[in-house]
Structures are given as structure tokens and as C-alpha cells.
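Step one of this worksheet: look at the structure below.
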Amino acid sequence: MSSAPPDGPLGRRFHTLGFRLTAGYAVLFLASVLALFALAYVLLAGSLRQRDRAAIAAEMSELVGDYAQGGLPAVREEAREHAETAGGLPLLIRLDTRNGPALLLPERAWDGFDTSVLTTAPPGSWTFVPALDGEAPLEVYTHALGDTSLQIGASTAPRAEVLERFRTTFVLILLPVLLLGLLGGALFARRALTPVRALAAAVLAITHTGRFAERVPEHGTGDELDALVHLFNGMLDRVQILIRGMRDALDNVAHDLRTPLTRLRSSAEQALQSDHDPAVLTEALSDALEESEAVLRVLDALMDVAEAEAGTIRLARTRLDLAALVDDVVDLYAVVADEKGVRLCWQRPASVPIEADAPRLRQALANLVDNAVKYTPPGGTVTVEAGIEKAEAVVSVRDTGIGLSAEEQSRIWERLYRGDRSRSERGLGLGLSLVKAIVEAHGGRVVGEDAIGEGATFTIRLPLGQAQ
């Protein structure tokens, strides 16, 4: 269950993406600094320990050489001299003969440590000797000289002091580092969210004004946010085009529906003013039915296109002859073509067997032939051909009409689109979009080719046999 952000400006600020980015950057920056400090601390501690052990090892090597030359007395003598003249790191030397008291040099330097742990230290080992007062311990190396244990150690206090200073220095610079991290995070968040804020400003401007001319500036950085801005601007371009097209389409719908509705109203008014003359009433009802059928055809076409584009169109497929189906369509428009003075030619093949929904496919073919006859001037020709090409059933409708412009060729399949040169003809611009939807529902495709001034050719290709 989600909880709402706290009320008030401060609570809202804590829940903003900018605050989270700033805090995240600061935490990451601080974590990196802590990791670097830990690494430097470990390296420094290791280096100091290595230095101390190197000094102990050098002294041990010198005393072992004295033992090889003069025996234990020479070692004792050299140890006393070192205890009296030692400079640099103070070294503590212990000789344990196991037959008497151990020799401690310098004597008083060992007083504050528990040397009992050294009696059991094995040769070649490093041993920490704790201080009795809880201070820094000794680090002692043990070496065997016959029956005698030679042990040399040094206090860890100097290196502990260095490490303590290092820790103190880090604590002192931690606050400035944290402030630097927050400042860097704020700058990073501000820079990163600039395109997002620009997007939000554009959306607000569009929401408040209703104008889709707003665009977000593109900086050309090539990053993901710049790509998002580019896509957003492209989406706005597309939306603006769609809205313009929708407005044009609604204008067309209003224009084409206004005529039958006006006629229907006129027929009703005439009937009311006819003094109940049966002949006038019958004619008015007939006209009203005809105009209402025109309105229903428009609405049915809109529903058919929407259903087909949504992929929910239901097809009742049967085995049929495409050539016979084209026969019916050509016969239907032969009279219309003759009345307009257009020659309608039909080159019929023997047979083109397919499986399809006959009424739907007849509707698509009728739309193509109707458009061809409608936009071909008197004296022109409309040619319909059918056949089989590369395991496909093919029907083409070619006319010598007004043709299409390059822009119209890319938009003729859009619902409710009508080219500028077709405005004088009645229609909603649903014909070709319905043709495309029906053909694609049968698993086929339809293409339009045009040479301006020489008419256009529309070709339907359907799979033979069972359509997919």
C-alpha cells in the first residue's frame, strides 16, 4: 500500500527526483571517499609495519653475525652497545638463555610490558607484547641462537600515532567532502533533469493553451535524454498531423452527412405541408428512406473500417471463383459507366479459385471500380483484369482518370482522407481504407501505382487456397 508524500514544500521536495539524484550522488561520492580512505589507511598501516619490521630484521641480522663470530658474549656486548647508542626507531633486545634470568636491553624500557608471553614464542615468529597500562604493544621477532632465544622488538606507538593523525585528518575533511558531494549532486541533478523539466514545461504549455506548436529544445548531445526529447518532439509532430487530419475528416463527415440529413428533413417538412395527400406522403417517405439508407451506409462503412483495422472482422470463407465475383461487380457498374461516358473493360480469365468471404471481397472490389469510374472523365477507360501470378490471385483496376499526387499516394489508405482533387466528388474517403482493411483481413495486400495525368492502377493480391 503506497503512502502519499508528506504535505508542505519541504516534504514534496524530499520526494522529488532531483532530491533523490542529489542524495544518491552525494552518497555515492561519500562512499567512494570512504573506500579510498580505507584503502589508503590499509596501505599506510602496512607500509609502517613493513618499515618497523625491516629495522628489526636489520638489527637481528647484525646480531646473528656477531654470534657467528664471537658467540653469545659477542651478542651480549653488541646488544649493550646498541642499547646505549641506538638512534632512530628504539629497539628492545631480549636474550633468554633458559638457564638463568633473561637479559633485557635497555633494562627499564621493558618494565611496562608483560614479557611472559615471550617465553613460549617459537623461533621465526612475530609476537605482540601487551603493555600493562593499556598503551600500544610491542611487536617482537624471535630468533634461535643455539640454546638462547634472541628477541628484538619495537613499540607500535609511533605508527599508531601516525595512523591516529591520519584518521583525525580524515574526520576533519569529511564535512567539506560531504558538502562537496551534495553540491556536485545538485549540479549533476540540475543538468540531468534539464531536458525533463523542458518536457514538463512543454506539456503544461500544451495543456493550458491547447496549442501543439510547443517544442522542446534539442541540444544535440546524443545521450538518452536528448533522444527522449527528439522522440517527444516527433510524437508532437505526429499528434499535430493526426489532429489536423481528424479535423479535416470531421469536416468531411459533417459535409457529407449534412446533405442526406437536409434532404430527409426537407422531405418530412413537405409531407407535413401536403394536407395529407397520399401521393406526396408516399414520395416523402420514399425519399426519407433513401436518404436514411445513405446515412446508414456511411455509418456502416465507418464501423466496417474500425472493425477491420482492430482485427475483429469476422469472415465467412467459402470456396469461390474470383473471376465470377469480378463479373458481378463489373455488371453492377456497367450502367453507371455508360451513363458517364466511361468505357469499362473487363478481361476475364477462365477461373481464379480462392477461399474468401464473398460479400466482403465484393465490397472491396466494388469500391475500387466505383472510385475508378467516379474519377475518370467522360471518354476515359477503366480496365479490370484478373489472373494468377506466383501462386497469388491478382485483380487490378486501371483507369485514365485524374491520378494522384506523390503526397496523396502515401495517404490514400488513411481513414477519411480525401485528396484535394477529389473534393468535388461526394464521399467520405472511406473506400480505399475499407479496401485495405478487408484485403488484409483475408491475408492479402493491396497497392496503388500512379502516373499523374495517366490515371492510377490499384492491385489486389490474395493467397490461393486457404487464406491466412
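The values are calculated or read from the model by the stated rules, or taken from the named source; none is laboratory data. What you see is a predicted model; the values in this text were computed from it and never measured. Heads up, the Cβs are rebuilt from the backbone with ideal geometry, glycines too, and the neighbour counts pull from every protein chain shown. Side chains included, ligands, DNA and RNA excluded: accessible areas come from the protein's heavy atoms. Shrake-Rupley method; radii C 1.70, N 1.55, O 1.52, S 1.80 Å.
What are the ³J(HN,Hα) couplings of the stretch 138-149, residue after residue, when phi is run through the Karplus curve with 6.51, -1.76, 1.60 and θ = phi - 60°? Round to Hz, x for glycine and proline.
Along the stretch 138-149, the couplings run 8, 10, 10, 10, 10, 9, 8, 10, x, 8, 9, 9 Hz.
In the full protein assembly as shown, how much of residue 235 is accessible to a 1.4 Å probe, in Å² to the nearest 10?
Counting only protein heavy atoms, the figure is 100 Å².
Determine, for each peptide in 148-156, 279-287, the mean count of other beta carbons within 10 angstrom over its residues, then list the peptides with the highest first.
Result, highest mean Cβ count within 10 Å first: 148-156, 279-287.
From the phi of every residue in the stretch 104-118, what ³J(HN,Hα) in whole Hz does the Karplus formula 6.51 cos²θ - 1.76 cosθ + 1.60 yield, where θ is phi - 60° and glycine or proline is x?
10, 10, x, 4, 6, 5, 8, 4, x, 10, 8, 7, 5, 6, 7
Give me the number: length gained by fully extending residue 117 to residue 317, i.e. 0.36 nm times residue separation minus the C-alpha to C-alpha distance, one decimal in nm.
Taking 0.36 nm per residue and subtracting the Cα distance, the gain is 62.0 nm.
Give me the number: length gained by fully extending residue 332 to residue 171, i.e. 0.36 nm times residue separation minus the C-alpha to C-alpha distance, one decimal in nm.
Length difference between fully extended and current span is 48.4 nm.
Could you check the simple spin-label distance between residue 42 and residue 240, using points 7 Å along Cα→Cβ, in nm with one decimal?
Each label point lies 7 Å from its Cα, and together they span 5.9 nm.
Under 21 Å Cα to Cα from residue 340, which lysines show up? Leave out anything in the same chain fewer than 8 places away.
374
Enumerate the calculated ³J(HN,Hα) couplings along the stretch 335-342 in order (Karplus 6.51 cos²θ - 1.76 cosθ + 1.60, θ = phi - 60°), each rounded to whole Hz, writing x wherever the residue is Gly or Pro.
5, 4, 5, 4, 4, 8, x, 9
Straight distance only, please: which aspartates and glutamates reach the Cα of residue 436 with their own Cα at less than 14 Å, same-chain residues fewer than 8 apart left out?
Partners found: 304, 307, 309, 414.
Would you kindly state how much longer the chain becomes between residue 445 and residue 135 on full extension, computed as 0.36 nm times their sequence separation minus their alpha carbon distance, in nm to one decimal?
Extending this stretch completely gives an extra 102.4 nm.
So, with a 1.4 angstrom probe, what is the percent of accessible area on the stretch 330-401 that is carbon and sulfur?
Within the stretch 330-401, the accessible surface is 53 percent carbon and sulfur.
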